[in-house]
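Can you read through this structure? Questions will come right after.
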Amino acid sequence: MKFVVFGSLGWAGSRHVNALVEMGHEVVALVDPGAGCAAQAAKVGARACASIDDLDFDSFEAATLALPPHLHPLLTRRLARAGKHVMCEKPMAPDTAEALSLVEFAKSVPVTIMPGYLLRTNPHIRGFLDALRGMGKVRRVHISTNVRKPSMAGWRSEPIIGGALLVNAIHQLDLATWFVGENLLPRFAQLDNVHFEAPTEDLFFTSLVSPSGVTATVLSSWSPNPPICDDGLMITDAGRLRIEAETDEGSIILTGTGYRMNGEDIGLPGVVGVNQFIKELEHFVDAIETGSPLWVTVEDNYDVQKLIDDCRAAAIAPAGRVAKRVA
C-alpha cells in the first residue's frame with residue numbers, strides 16, 4: 001500500500017515512517033515543514049513536502065497524521081474526501097465539539113478513518129484484557145504510566161494541547177473505559193506541576209466510577225526520574241505502564257512478559273519487544289483491505305475526549321509549583 005506520513009519528524013510520525021518501511025509498504029511522501037524532512041525522505045525513497053498542497057493525490061492510498069491536535073480535523077476531512085484512508089494520532093481534535101463532528105463525518109465517507117490509540121492494538125494489552133474478561137465481574141481497575149522526561153518543551157507542554165493528561169493519560173483513560181466496558185465519570189481529578197515549571201501539568205490523577213459501581217483510577221506523570229518497580233509493568237521506550245485489576249474471581253497484574261493472575265505468572269508469546277506501531281498499522285491496513293471492524297473508532301476518540309473534559313471540570317485547585325497553570 002502507498003502511504004503519506006504527516007508530521008514525519010515528530011516522535012510518533014518518525015515511528016510511523018520506520019514501521020511502514022519495515023512492513024514493506026511504499027512511503028511515497030513525507031509532509032513536515034521541518035528542515036530535516038528532505039534528508040529523512042531521501043533515506044526511505046520518498047518525496048519531501050512542506051504542506052498538503054505539495055502532494056500528488058494520485059500517488060497514494062492512505063495517510064497517517066501525527067500533528068498537534070488542532071491540525072488533525074481539517075486534514076482528516078480533506079484526505080477522506082479525496083478517497084484516502086486516514087490513521088490519525090490521538091487526540092483527533094482540539095476539543096470535544098470537533099471530536100463529535102468527526103464522528104458524524106466518518107459515517108459519511110467510504111474510507112477507513114482510525115484514531116491512533118496504539119495500546120488497543122498491542123497484543124500484550126489485548127492478551128491481558130482477554131484474561132480479565134474471563135475472571136468474572138470487574139470490581140476495580142488501576143492504570144498508571146510514568147514517563148521519563150528530562151524537561152518539558154515543544155507543543156506537548158503548551159496549554160490546551162499539551163500536558164500529561166492530553167498526551168499520555170488519554171491512553172489510560174481510554175483503556176480504563178475499554179476494560180470496564182461502561183462509560184466512566186470522575187469523582188474528582190488532580191492536575192498539578194510536581195517536577196517542571198510549565199504552563200500545563202506534569203501530573204494527572206483521577207478517581208472514576210461506572211454506572212454499575214466499578215471503580216477506576218488513572219495516574220499519569222512526567223518526571224526526570226520516574227519510579228521503577230518489578231511487577232505490573234510493560235516497559236517501552238516511552239515509559240512504564242502499570243495495569244492491575246480486581247474481579248469477583250481474584251486479581252490480575254500486567255507483567256513484563258504477560259500477566260500475573262492470582263499469584264501465578266502467565267506468559268504471552270510474542271509480546272516482548274513488540275513494535276506497537278507495526279501492530280497498529282497492521283490492524284489499520286487489515287481493516288482497509290478486508291473491511292474487518294476497527295478495534296478503536298472515531299467514536300471511541302470522542303468518548304475519551306469527552307471524559308477528559310469531565311475530568312477537567314471535576315479537577316480540584318492545583319497545588320503545584322505553577323500558580324497560574326492553564327487547564
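From the list 206, 217, which residue is out of contact with any His (no Cβ under 8 Å at 6 or more places or on another chain) and of a type in the set (S, T, N, Q)?
Being out of contact with any His (no Cβ under 8 Å at 6 or more places or on another chain) and of a type in the set (S, T, N, Q) holds for just one of 206, 217, which is 206.
Six or more apart or on different chains, Cβ atoms under 8 Å: show the pairs whose first residue is in the stretch 54-74 and touching a residue at least 40 places away in the same chain (Cβ under 8 Å) and of a type in the set (Asp, Glu) and whose second is open to solvent by 30 Å² or more (accessible area, probe 1.4 Å) and in a strand (DSSP E or B).
Within 8 Å, the pairs are 61/2; 61/85.
Looking only at the stretch 1-26, how many residues end up being over 15 Å from residue 65 (Cα atoms) and not β-branched (Val, Ile, Thr)? Steps first, answer last, please.
So in the stretch 1-26, the residues over 15 Å from residue 65 (Cα atoms) come out as 1, 21-26.
Pick out the ones that are also not β-branched (Val, Ile, Thr) and you get 1, 22-26.
Number of matching residues: 6.
Test residue 169 against the criterion of being under 22 Å from residue 67 (Cβ atoms) and free of Cβ contacts under 8 Å to residues at least 40 places away in the same chain, and give yes or no. Write out each step before concluding.
Details: under 22 Å from residue 67 (Cβ atoms): yes; free of Cβ contacts under 8 Å to residues at least 40 places away in the same chain: no.
Answer is no for this residue.
Among the residues of the stretch 265-279, are any farther than 28 Å from residue 113 by Cα, of a type in the set (Phe, Trp, Tyr) and in contact (Cβ under 8 Å) with a residue 12 or more places away in the chain? Don't jump to the end; show me each part of the working.
Step one: list which residues in the stretch 265-279 are farther than 28 Å from residue 113 by Cα, which gives 265-269, 272.
So of that shortlist, the ones also of a type in the set (Phe, Trp, Tyr) come out as none.
No, the stretch 265-279 contains no residue that is farther than 28 Å from residue 113 by Cα, of a type in the set (Phe, Trp, Tyr) and in contact (Cβ under 8 Å) with a residue 12 or more places away in the chain.
Go through the stretch 13-64 and count every residue that is basic (Lys, Arg) and within 25 Å of the chain's Cα centre (by Cα). Give the steps one after another, and end with the answer.
Narrowing the stretch 13-64 to residues basic (Lys, Arg): 15, 43, 47.
Retained after the next criterion (residues that are within 25 Å of the chain's Cα centre (by Cα)): 15.
Residues flagged as basic (Lys, Arg) and within 25 Å of the chain's Cα centre (by Cα) within the stretch 13-64 amount to 1.
Might you check whether a residue that is surrounded by fewer than 23 Cβ atoms within 10 Å (Cβ to Cβ), modelled with pLDDT under 95 and touching a Leu at 6+ places or on another chain (Cβ under 6 Å) occurs anywhere in the stretch 150-169?
The answer is no, given that none of the residues of the stretch 150-169 is surrounded by fewer than 23 Cβ atoms within 10 Å (Cβ to Cβ), modelled with pLDDT under 95 and touching a Leu at 6+ places or on another chain (Cβ under 6 Å).
I'm trying to understand the selection: among the residues of the stretch 217-263, which are in a loop (DSSP other than H, G, I, E, B) and touching an Asp or Glu at 6+ places or on another chain (Cβ under 7 Å)?
Let us first name the residues in the stretch 217-263 that are in a loop (DSSP other than H, G, I, E, B), namely 224-232, 236-239, 248-249, 255-257, 262-263.
Once the filter is applied, which keeps residues that are in a loop (DSSP other than H, G, I, E, B) and touching an Asp or Glu at 6+ places or on another chain (Cβ under 7 Å), the stretch 217-263 yields 232, 255.
Regarding residue 96, is this residue out of contact with any Cys (no Cβ under 8 Å at 6 or more places or on another chain) and under 20 Å from residue 52 (Cβ atoms)?
On the way: out of contact with any Cys (no Cβ under 8 Å at 6 or more places or on another chain): yes; under 20 Å from residue 52 (Cβ atoms): no.
It is false that residue 96 is out of contact with any Cys (no Cβ under 8 Å at 6 or more places or on another chain) and under 20 Å from residue 52 (Cβ atoms).
Taking the stretch 119-137, which residues are open to solvent by 20 Å² or more (accessible area, probe 1.4 Å) and either under 21 Å from residue 69 (Cα atoms) or not small (Gly, Ala, Ser) (or both)? If you could, list the steps in order and put the result at the bottom.
Pass one, the stretch 119-137, residues open to solvent by 20 Å² or more (accessible area, probe 1.4 Å): 123, 126, 130, 133-134, 136-137.
Those that are open to solvent by 20 Å² or more (accessible area, probe 1.4 Å) and either under 21 Å from residue 69 (Cα atoms) or not small (Gly, Ala, Ser) (or both): 123, 126, 130, 133, 137.
Considering only residues that are open to solvent by 20 Å² or more (accessible area, probe 1.4 Å), on the phi < 0 side of the Ramachandran plot and not in a helix (DSSP H, G or I), which ones fall in the stretch 274-308?
274, 275, 292, 293, 294, 295, 297
Could you look through the stretch 78-94, keep only residues that are without any contact (Cβ under 8 Å) to a residue 60 or more places away in the chain and aliphatic (A, V, I, L, M), and pick out the one that is nearest to residue 161 (Cα to Cα)?
Only one residue tops the list, namely 86.
The values are calculated or read from the model by the stated rules, or taken from the named source; none is laboratory data. Remember, it's a predicted structure, so these values are computed and weren't measured experimentally. Neighbour counts run over all protein chains shown; Cβ positions are idealised from the backbone, glycine included. For the accessible areas, the whole protein counts, side chains as well, though only heavy atoms, and no ligand, DNA or RNA atoms are used. Shrake-Rupley method; radii C 1.70, N 1.55, O 1.52, S 1.80 Å.
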